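> The structure follows.
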Amino acid sequence: MKNILIYFVTFLLVFSNVKSQYGSIELNTGGFSFIPLFTSDKPHFILRAGTSDKKRLSLNLINLIMMDGFHPANYSLIARCKLIDKKFKLKIGFQLPGYRLFENEDYKARNVQEIRASISLNPKTDFLFLYLHGEGKNFDMNNNFYSVYFRKTLNKLVTNLQLYVLFTSLEPDSSYGIAQKISYQLKDKISVNFFINKSLTNEVFNKTLGVQFHF
C-alpha cells in the first residue's frame, strides 16, 4: 500500500498539469543520501520528481528502491519555500513525512526540517550551505547535519565539493568528512553521476556510479 501511494504521488508530480516540473529515474550502484554517511552501498533505483524551484513554493520527491527485490529504502517528500531570491538565495523546507527502511529492519519514520542558502561567486561557481535537522517519529533519533558546498559548472560537467559534520544521537561521537559529486550531461536527457564520500572520523568510504534519465 505504501509503494502504491509513493508511485501515485510520483505520477501526479511528473505528469500533472503543473507547469515547469522535473522528473528523473537513476540506476545507481548505491543509494544516495543528503547525509553522505547514510549512503548505501547496494544498487538502487532513485526516483526524483517535483515542481520548479523558480517559484516561491515547490515540492520535491526523492524515493529510493533497492534493485534486489524492489525493496523500498528511503522516501522523502519535501516542501520548500523561498525567503530570499536574489544573488543570495535562502530557502526553508520540511518533510511530508519521510521514512527510511532497510532489509531486516523495522519501518522508521522521521521528521526533517532544512535550511538552504547559496550565493553565486561568479557565473560558473556557487557557494552553498545546507542544514538538516531530523527527529525520529517512532524511534529515538536526533540528527543535526551541517554542510558547505562549492559547485562548479563547466559546460556539460557539474562538480560539487562538500565538507560536512554530523551530530547524531545514533553515534557516540560526531562525524565529519568530505564528499565529491560529479555529473556529466551525456545526452540531452541522460547524465552520468559519480559520488564519493570519505569520513575523516572512521573508515567509511563510499563510491557510487549512476546513470540518470530525465523526463
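> Go through segment 10-60 and give me each residue that's at pLDDT below 85, among the aliphatic types (A, V, I, L, M) and either out of contact with any strand residue (DSSP E or B) (no Cβ under 8 Å at 6 or more places or on another chain) or assigned to a strand (DSSP E or B) (or both).
Residue satisfying the conditions is L12 alone.
> For segment 158-215, which positions are of a type in the set (K, R) and either farther than 20 Å from I46 by Cβ or surrounded by 13 or more Cβ atoms within 10 Å (Cβ to Cβ) (or both)?
Residues satisfying the conditions are K181, K198, K207.
> Six or more apart or on different chains, Cβ atoms under 9 Å: show the pairs whose first residue is in segment 47-69 and within 16 Å of Y99 (Cα to Cα) and whose second is among the acidic types (D, E) and crowded, with 18+ Cβ neighbours inside 10 Å.
Qualifying pairs under 9 Å: L47/E26; R48/E26.
> Counting only residues that are in a loop (DSSP other than H, G, I, E, B) and touching a Phe, Trp or Tyr at 6+ places or on another chain (Cβ under 7 Å), how many does segment 77-126 have?
Residues in segment 77-126 being in a loop (DSSP other than H, G, I, E, B) and touching a Phe, Trp or Tyr at 6+ places or on another chain (Cβ under 7 Å): 2 in total.
> Considering only residues of segment 127-157 that are basic (K, R) and outside any strand (DSSP E or B), which is nearest to Q180 (Cα to Cα)?
In this case the residue turns out to be K156.
The values are calculated or read from the model by the stated rules, or taken from the named source; none is laboratory data. As the structure is a prediction and not an experimental result, all values here were calculated from the model. Because the Cβ atoms are built from the backbone with ideal geometry, glycine has one as well, and the counts that use them run over all protein chains shown.
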